[in-house]
Amino acid sequence: MEIKTFTVADLQLALLSEDFWLTKTLPITKQRALSFCQNPRAEKNDPVLLVAYQDARVVGYLGILPDKIFFNNADHKLGWLTGWWVDPSIATNGTGVILLYKALNTYRERIGVSGGSREARKVLDASQKFIALNPLKGIDIRFRFNATKTMLRKFSSMKIFRVGFKVADVLLDEIVNLRSFSWERRNSIRQRLTFEYVSTVDEETGRFIEQHYHHDLTRKGKADLNWIMTCPWIVSAPQKDAASKRYYFSSVSARYYYLGVKVYAQNNEMVGFLLLNVRDDRMSVAYAHFEGRHAPTIAAAAVYHALAMDVSTLVLYDERLVKSVAGLHCPCWSTQSISRGFFLSKAFADIPMADCRLHGGDGDFAFY
Amino acid sequence: MAMNDKITQMLFNVLDELNQLRPREEHLKKDLGTPLAGGSGRLDSAGLINLIVLTEQKTAQELGSPILLTDDRTMSQINEVFRTLGSLADYIHLLLNEKRHG
């Protein structure tokens, strides 16, 4: 077995080559590779992809997302592990272990992990190289009942009642629409707030973010958020393409986009910025910047946009927004507590986490 | 006790601890021929990492000499080093010898 390390520069060359994309299993999609190459926090010689080959066959891979974290008045480089896969037919030949230690060695044990499968967490625990940060506690707000999806997922034998479920959904959606209309009027969102939508972060927003990101662990600024918004890993497409069938992780979705929302109060003062990520019928707030006193207003703006964009679920991880949602009495069917786990290698054991804030989009979460 | 015997005993102690983390039917036999990783191996990624970590710890504790089993050199020959308990013992012997002779 051979492990090849691809730096940003190597990946740029791979994008131009034909051979790299001929393997039966792809270690990365072109879309993702392009994004890796545009990462403003990556340097040309940063390793970003480890690929295990056996007889010219891809049998494992691990992506690494170079980033910086900020604490103790300094920035510290690290790599977030992302897209870690090993061919299940060779699960006992140590490929996953080699990839993990290769990443740790390459980044001088300065590695972060956001989320990850149960198997991946087991491996991280076993290595004794990582500390788990306090999980980011969030909330799933469900606006649509979606009986068809819920029932058929639980009881596939009830497919014959599909039409009945669909009719029920249409009726239930009408109830939600009425409740939403009344909620909007009650909260007079459009009277109290105005919005400006941006597909990239403009100067005003960049300055606004810089005023509010001092407690952020990753301090994502204008260039970073522009990169996320303009170089997604997932493409909106009606169906899976040839490449996505050869790549284990997500690469296409029926609906996928980012939207920057600048929130203004009546006096034209900018009071918040939301980076929204919409994937199919789910909207999540990847990054949110505002002053604490405006939390209820910004939470209302997030709910308002979820309703306007007709998504089934809104996902929030900002602690202040989560707290504010309860007071909004939003027109939802249910809410559910959720959490996101973050791990950092022990080289970062001295981070004063009480002073550091994580966002829902940190690590590689902004791209899913 | 000869170094080979000390290494073997240390690895048997590693297996005792490793087996405590595994279901009874997946216990590894205390035998130098026991396959670990590779084609006939029984350790998945988490199992192999547990073995590596325990071996590094026990080598330092019981043989008084810390070794590193996670460097690029070891990783590049992982299937040879961790093929059986015996091949792991040989590799530890090699590393200890290299340390002794500078």
- Task: Rounded, prolate or oblate: pick one for segment A:138-339, where a ≥ b ≥ c are the square roots of the eigenvalues of its C-alpha gyration tensor, a/c under 1.5 means rounded, and failing that, prolate if a/b is larger than b/c, else oblate.
- Result: oblate
- Query: In terms of Cα to Cα distance under 25 Å, which lysines are near enough to A:Lys222, apart from those fewer than 8 places away along the same chain?
  - Reply: A:Lys30, A:Lys44, A:Lys68, A:Lys77, A:Lys262
- Message: Can you tell me how segment A:17-148 classifies by the Cα gyration tensor, rounded, prolate or oblate, using a/c under 1.5 as the rounded cut?
- Response: rounded
- Query: How about segment A:188-230: which GluC sites (Glu not before Pro) there are in a DSSP loop, with at most 13 other Cβ atoms within 10 Å of their Cβ?
  - Reply: none
- Query: Relative contact order for chain A using alpha-carbon pairs under 8 Å, separation at least 6, rounded to a whole percent?
  - Reply: 22
- Query: Per residue of B:67-74, what is the mean number of Cβ atoms on other protein chains within 10 angstrom of that residue's Cβ?
  - Reply: 3
- Message: I need the chymotrypsin sites (Phe, Trp or Tyr not before Pro) found in segment A:148-227, filtered to DSSP loop residues with at most 14 other beta carbons within 10 Å of theirs.
- Response: A:Phe155
- Sum of -39500 (n - 2.57) over DSSP H runs of 4+, divided by residues of chain B (222 nm, nearest 500): -19000 deg cm²/dmol
- Item | Mean ellipticity per residue at 222 nm, deg cm²/dmol - from DSSP H runs of n ≥ 4 across chain A, formula -39500 (n - 2.57) | -10000 deg cm²/dmol
- Which whole-number percent gives the relative contact order of segment A:68-138, counting Cα pairs below 8 Å spaced six or more residues apart? 28
- A:Glu18 to A:Arg255: extension gain in nm, 0.36 nm per residue of separation minus the Cα-Cα distance? 82.4 nm
- Item | Principal-axis tilt of helix B:45-63 within chain B, Cα atoms, nearest 10 degrees | 40
- Query: Using the Cα gyration tensor of segment A:181-274, with a ≥ b ≥ c the square roots of its eigenvalues, what is the shape: rounded (a/c below 1.5), prolate (a/b larger than b/c) or oblate (neither)?
  - Reply: oblate
- Query: Cα to Cα, under 17 Å, and not fewer than 8 places away if on the same chain: which aspartates and glutamates meet these conditions relative to A:Lys159?
  - Reply: A:Asp169
- Relative contact order (percent) for chain B, with alpha-carbon contacts under 8 angstrom and 6 or more residues of separation? 35
- Item | Centre separation in Å (Cα based) which lies between segment A:154-229 and segment B:1-76 | 51
- Item | DSSP-assigned coil residues among trypsin sites (Lys or Arg not before Pro) in segment A:1-73, each with at most 12 further Cβ atoms within 10 Å | A:Lys24, A:Lys44
- Task: With everything on Cα atoms, drop me the angle between helix B:85-100 and the longest principal axis of chain B, reported from 0 to 90° to the nearest 10.
- Result: 20
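Values quoted throughout were computed directly from the atomic coordinates according to the rules given, and no laboratory measurement underlies them. As the structure is a computational prediction, the values presented were derived from the model and not from experiment. Every residue, glycine as well, gets a Cβ built from its backbone with ideal geometry; the counts of neighbours run over all protein chains shown.
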